[in-house]
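Q: The structure follows.
The values are calculated or read from the model by the stated rules, or taken from the named source; none is laboratory data. In this text, all values refer to a predicted model and were calculated from it rather than measured experimentally. Here the Cβ is made from the backbone with ideal geometry for all residues, glycine too, and neighbour counts use every protein chain on show. Protein only, heavy atoms only, side chains kept; ligands, DNA and RNA dropped before computing areas. Shrake-Rupley method; radii C 1.70, N 1.55, O 1.52, S 1.80 Å.
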Amino acid sequence: SMNYVRFFVFLPIFMGYGVKFNATDDNHIWHNLLDNQLKDWYSDFDLCMVKNSSKASAHSVSNHCETTTKIETKVSIPIRCTVGNAWPARSEFCSSDDIAFSERDYLRQAVRGYEDAQTKTLKSFFRKLSNEKGAFLLVGDSVMQQFYSAIACELEREHVWKNPSKFTNTDELQYVKPDTSSTNHAVQIKFLPIYHFVNGRFDRVANASMMHLKKTVEGMIANFDSLVILFNVGLHYVDNPVAHFTRADYQSQVTMAFKYLQNFVLSHTHNGHGKGHHLHNKHNNNNALPGSGGEKKIRIFWRETTAQHFPTSNGYWPGERYSNSMKLQCVPIQDTSLEADWRNREVEAILDRHHLHRVIKLIRFYNVTLPLWAAHPNGLLKDCTHFCWTPMLYQPIFHALDAAMDLPP
């Protein structure tokens, strides 16, 4: 069972305006769903998968469930929206020959408070963003890329997107029209892959990732009246010193990105009259008409870096130099102290030090993933980073984004 972790859960999941909640609370712990609740979340095919105790390959388990259940859908379920898949990560599926699907408790669990499959949280979020004639930008690494896929699956589950075959990759621009009204603004979604802020061997210019970020956000705010940015980089920075990927590098590079985003917000909103967390809403012109040259609305969220579960004290990837000599398999994290998870502590320190809480809001998610050592593909690729999808996994983030739309930018 995964109920062994019951500490340091942050409340609420969405942390705004620099207020810190650091209390233990049983309201945000994974817990088992009842059979009738699972039926609300899952198709018959998925129910067959999550109850399967075979140690055969995921492909064999999938084939078994296809033959034993009648999938009464007009279109075949995209592989990316079947339970236990890790698309678009190379791992593809949770490895059932490591841990059987029936032994992966989280496949039948939800975070307490997010059990209701009838909620249409993303439809609500995109409706609010549509009303502001806005766009949605996801910035990050391959775990953020997985989150983009999860958004697509949730939009299909909520029947906002009715054609599962239209979302085949994370590179193309996508649009969300939360209501069928012809006057309804279609919200653009874009994924900008930035894995880190270190130049690679094929980058032709200095600070190539920052240039991509600047070009993308400036282009989007020029075309839309409102912009929501969900951002995270972090997983590529490690404890064992690797040139350019140290803790100090992480601190300086994230600071650089945050300061740019602060200036970006100040230059495009009437809040530019102030600085940092001293900004007040008195300058907001919330009645400005879309396209009238009124204030742009910009909301920036940093999603906490998720937990990894490698056999290191804090679960972090040990770095290429050390990984070959280790027996890599996903295990519970040994050191669950706040200090051990320095990637997220550094971000909190940067937000505090530079008074950025007014501009960049934290969405807490590390503690949701902390107990999920059995939620990674593992398998031949020894993947203890990416997550195997369930429709319940990202509900706290969906709800945080939706709730944040009700607050002033």
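Q: How much accessible area per residue does region 365-409 have, in Å², with a 1.4 Å probe?
A: Per residue, region 365-409 has an accessible area of 24 Å².
Q: Tally Lys and Arg at +1 and Asp and Glu at -1 over the other residues with C-beta under 14 Å from the C-beta of Gln37: what net charge comes out? Please report the intermediate quantities before stating the final value.
A: Values: positive: Lys39, Arg108, Arg112; negative: Asp35, Asp40, Asp46, Glu115, Asp116.
Net of charged neighbours comes to -2.
Q: 5 Å is the cut-off here: which amide hydrogens, built 1.01 Å from N in the peptide plane, fall below it relative to Gly379, excluding neighbours closer than 5 in sequence?
A: Ser95
Q: Out of residues 5 or more away from Phe365 or on other chains, whose amide H comes under 5 Å of its own, with H placed 1.01 Å from N in the peptide plane?
A: Here the answer is Glu304, since their amide H atoms fall under 5 Å of that of Phe365.
Q: Would you mind calculating the gained length between Ser313 and Thr67 on full extension (0.36 nm times residue separation, minus the Cα-Cα distance), in nm to one decimal? Working shown, then result.
A: Numbers: separation 246, 0.36 × 246 = 88.56 nm, distance 4.29 nm.
84.3 nm is the gain from fully extending Ser313 to Thr67.
Q: Roughly how many nanometres apart are two label points built 7 Å out from the Cα toward the Cβ at Ile79 and Thr180?
A: The modelled label-to-label distance comes out at 3.3 nm.
Q: Follow-up question, since we're still on this one. Using r as the Cβ-Cβ distance of Asn163 and Asp44, and R0 as 22 Å, what FRET efficiency do you calculate, to the nearest 0.05? Let's see the in-between values first.
A: On the way: r = 22 Å, r/R0 = 0.98.
My answer for the efficiency is 0.55.
Q: Further, regarding this structure: Once you place label points 7 Å from the Cα toward the Cβ at Gln334 and Lys259, how far apart are they in nm?
A: Output for this residue pair reads 3.8 nm.
Q: Still on this structure, I have one more. With θ set to phi - 60° and the Karplus curve 6.51 cos²θ - 1.76 cosθ + 1.60, what are the ³J(HN,Hα) couplings of region 236-253 in order, to the nearest whole Hz, using x for Gly and Pro?
A: Computed from phi, the couplings for region 236-253 are 8, 9, 10, 5, 6, x, 10, 3, 6, 10, 8, 4, 5, 4, 4, 4, 6, 6 Hz.
Q: Extending each Cα 7 Å along its Cβ direction at Leu34 and His355, get the distance between those two points in nm, one decimal.
A: 5.2
Q: Let me ask something else about it. I'd like the accessible area for Ser252, computed on protein heavy atoms only with a 1.4 Å probe and all protein chains in place. Round to 10 Å², please.
A: That residue has around 60 Å² of solvent-accessible surface.
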